[in-house]
Ligand SMILES: NC(=O)C1=CN([C@@H]2O[C@H](COP(=O)(O)OP(=O)(O)OC[C@H]3O[C@@H](n4cnc5c(N)ncnc54)[C@H](OP(=O)(O)O)[C@@H]3O)[C@@H](O)[C@H]2O)C=CC1
Ligand SMILES: CC(=O)N[C@@H](CCC(=O)OP(=O)(O)O)C(=O)O
């Protein structure tokens, strides 16, 4: 099976290339670049100088001959425009951007862009692999989740399904490494701005807020409002999400830990930490793992859920390949068995 990547010169693409190169059933059919068509991959990514690929222009007819699956690793707006043209040619599309994740009004409001056209938006399946395995296996359009929502929802799934927390009290504190902002040049990601600095951004206005709320509503049958505070930390990769919520009477540490273990007993990439040993970003770096912990605070009746992922792996390319595996009925872990890089 051959896969094509759109947005070839970005970080998400670099990670997809790394994963597809070592995948037992997939290979790269073409790399599409809006800025460097005609250039060589090795000029863009010297770490990939053992691979020979010429970057190509966006041309739906040619792309349809290059393979069967297309990954969109481009900014929001690109897939809204191009995905329908490729999907109607029979290509399975996996979008790493936000276009196909939200209700149209929410996308227009939070991304400030025109939502994708019908019927493609309605067809899209939200690709949080652990939650939607059966739907992903049949989907032709897969909306890969955002990096923060992946970590937050993997904590919220057991909490909301089991009714362990008061849904009106959810606070999500989230920290990301700088690669989460992509490879494009921005003042806020310059070395001197990021190094030895911790900063919050988009407080109350981050585009992942409606994504978390929309799916938290589906999980809980309510309409929770969540307070989400993203922060930038001076690391290359990694996300740490800490979810706080008021616990419901009758719950305790043992019951919470059991609920989390049961929720993910068939999930090869979710590892539940024992209480007292909390998730660390370094333990998942370069891998598709999500390490999850949960703590019941007796003193304040607060539930604290935590998750770490590598934003470029489980938060983007890794989960996209996991979804490809589900869609192709390959083992879920195919091409994703690499252990984390440590130290
Ligand atoms: N970085 C992360 O941790 C995560 C990223 N995402 C999402 O995945 C997508 C890719 O992210 P990432 O790789 O980090 O971003 P980058 O900024 O590193 O790369 C995006 C690439 O998209 C292409 N591109 C840029 N503008 C346009 C345009 N107007 N039209 C077509 N192509 C364009 C460029 O490649 P070229 O010039 O070759 O076309 C660019 O290199 C984004 O939507 C991002 O929000 C999701 C989860 C996590
Ligand atoms: C550190 C950092 O800047 N992270 C990005 C991650 C968002 C992203 O990847 O965008 P979409 O999911 O909306 O496509 C951000 O907070 O905007």
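A few comments on the model shown:
- Yes/no for residue 276 being surrounded by fewer than 22 Cβ atoms within 10 Å (Cβ to Cβ) and modelled with pLDDT under 95: yes
- Meets criteria (within 16 Å of ligand 1 (Cβ to nearest atom) and over 19 Å from residue 165 (Cα atoms)) for residue 200: no
- Of the residues making up region 282-300, none is on the phi > 0 side of the Ramachandran plot, out of contact with any strand residue (DSSP E or B) (no Cβ under 7 Å at 6 or more places or on another chain), surrounded by 20 or more Cβ atoms within 10 Å (Cβ to Cβ) and in contact (Cβ under 8 Å) with a residue 12 or more places away in the chain.
- The helices (runs of 4 or more DSSP H) located wholly in region 58-111 that include 1 or more residues which are buried (at least 23 other Cβ atoms within 10 Å of the Cβ) and at pLDDT 95 or above occupy 78-87, 104-111.
- Residues located in region 183-222, provided they are under 17 Å from residue 149 (Cβ atoms) and within 17 Å of the chain's Cα centre (by Cα): 206, 207, 208, 209, 210, 211, 212, 213, 214, 215, 216
- Residue match in region 241-263 (condition: touching a residue at least 60 places away in the same chain (Cβ under 8 Å) and assigned to a loop (DSSP other than H, G, I, E, B)): yes
- Residues satisfying the stated conditions in region 157-185, i.e. under 16 Å from residue 235 (Cα atoms) and in a loop (DSSP other than H, G, I, E, B): 177, 182, 183
- Looking only at residues in region 1-32 that are near ligand 1 (Cβ under 8 Å from one of its atoms) and part of a loop (DSSP other than H, G, I, E, B), the one that is surrounded by the most Cβ atoms within 10 Å (Cβ to Cβ) is 8.
- Residue 183 within 14 Å of ligand 1 (Cβ to nearest atom) and at pLDDT 95 or above: yes
- Filter result (more than 9 Å from ligand 1 (Cβ to nearest atom) and outside any loop (DSSP other than H, G, I, E, B)) within region 139-148: 141, 142, 143
- In region 224-243, of all residues being more than 10 Å from ligand 2 (Cβ to nearest atom) and over 24 Å from residue 297 (Cβ atoms), the one that is farthest from the chain's Cα centre (by Cα) corresponds to 234.
The values are calculated or read from the model by the stated rules, or taken from the named source; none is laboratory data. Nothing here was measured: the structure is a model prediction, and the numbers come from that model. FYI the Cβ positions are ideal-geometry reconstructions off the backbone, even for glycines, and counts take in every protein chain you see.
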